[in-house]
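Just below is one structure, and these are the notes that go with it.
The values are calculated or read from the model by the stated rules, or taken from the named source; none is laboratory data. Bear in mind the structure is a predicted one, so any value in this text is a computation, not a measurement. Cβ sites come from the backbone with ideal geometry, for glycine too, and all protein chains shown count toward neighbours.
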DNA sequence: ACATTATATAACCGATCAGCTAAGCACTGA
DNA sequence: TCAGTGCTTAGCTGATCGGTTATATAATGT
């Protein structure tokens, strides 16, 4: 139906608190896998896989620097996420206005038995 | 760590394409469970549970109307989602500026080869 | 009261997920 | 060339997820 693998991956990636914490850390700037793993109670391989998920979702990018793989935030996924949420927000505003009109309408003020689409 | 159950639930809810399709349908306005289930190949109980997830995440609200439970978009979760993504976007811009400054800095310029070939 | 309609809940199943440990690269430096 | 460091990959496990069917609840219409 709605085949949007990027949105799927991005939202799924963001659903995990550890991954969100990693992103928050990256707000400060680039960091290596080891640096990212350090504050967490989980193993380094676990962090490595979280990073793979984030990269697959287009939320981070990685370079190669000797044996290190520094990570930084990536813009790729963010645009689509914003677009989707913007659509929902706009719909909410529109529907809210619609509700206001309905509540203000004389038809509603008199009686609200039947509901017409 | 970062205990943000609402964000967890909201992002997780949005990770499923069926649930996003349901939200897109709700952009048009209120709809009953049956109406929401109709376009999908999955069973009604499955849709019912998707709605429960969306409600739990604060992405939709439900009323009671006889035997029907009409659903509509809810604003609750959206604010937090926006806030989180806005933070990431801002960080991306900041880091990008930082990169620009680095590339423009004389320290960096001396290290680079001249590209006017 | 009873059948119908609208939805929710329960019990189950296969797939995916997040964690672990152990082992495997790959680059660095002596 | 060999030890060490940084990270990834491979297998295992228990938990959660999304789907199913069958059943329960609840309001409506006759």
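Structure notes:
- Residues located in the stretch A:56-86, provided they are free of Cβ contacts under 8 Å to residues at least 12 places away in the same chain and touching a helix residue (DSSP H, G or I) at 6+ places or on another chain (Cβ under 7 Å): A:62, A:75, A:82, A:85
- Filter result (under 30 Å from residue B:73 (Cα atoms), within 12 Å of chain B (Cβ to nearest Cβ) and within 12 Å of DNA strand D (Cβ to nearest atom)) within the stretch A:56-90: none
- For the stretch A:39-55, residues that are touching a strand residue (DSSP E or B) at 6+ places or on another chain (Cβ under 9 Å) and within 12 Å of chain B (Cβ to nearest Cβ) total 1.
- Number of positions in the stretch B:40-55 that are more than 7 Å from DNA strand D (Cβ to nearest atom) and assigned to a helix (DSSP H, G or I): 7
- Residue B:34 on the phi > 0 side of the Ramachandran plot and more than 11 Å from DNA strand D (Cβ to nearest atom): no
- Qualifying residue in the stretch B:67-86 (condition: modelled with pLDDT under 90 and under 30 Å from residue A:29 (Cα atoms)): no
- Residues located in the stretch A:1-38, provided they are within 14 Å of DNA strand C (Cβ to nearest atom), more than 7 Å from every other protein chain (Cβ to nearest Cβ), surrounded by 15 or more Cβ atoms within 10 Å (Cβ to Cβ) and part of a loop (DSSP other than H, G, I, E, B): A:16, A:32
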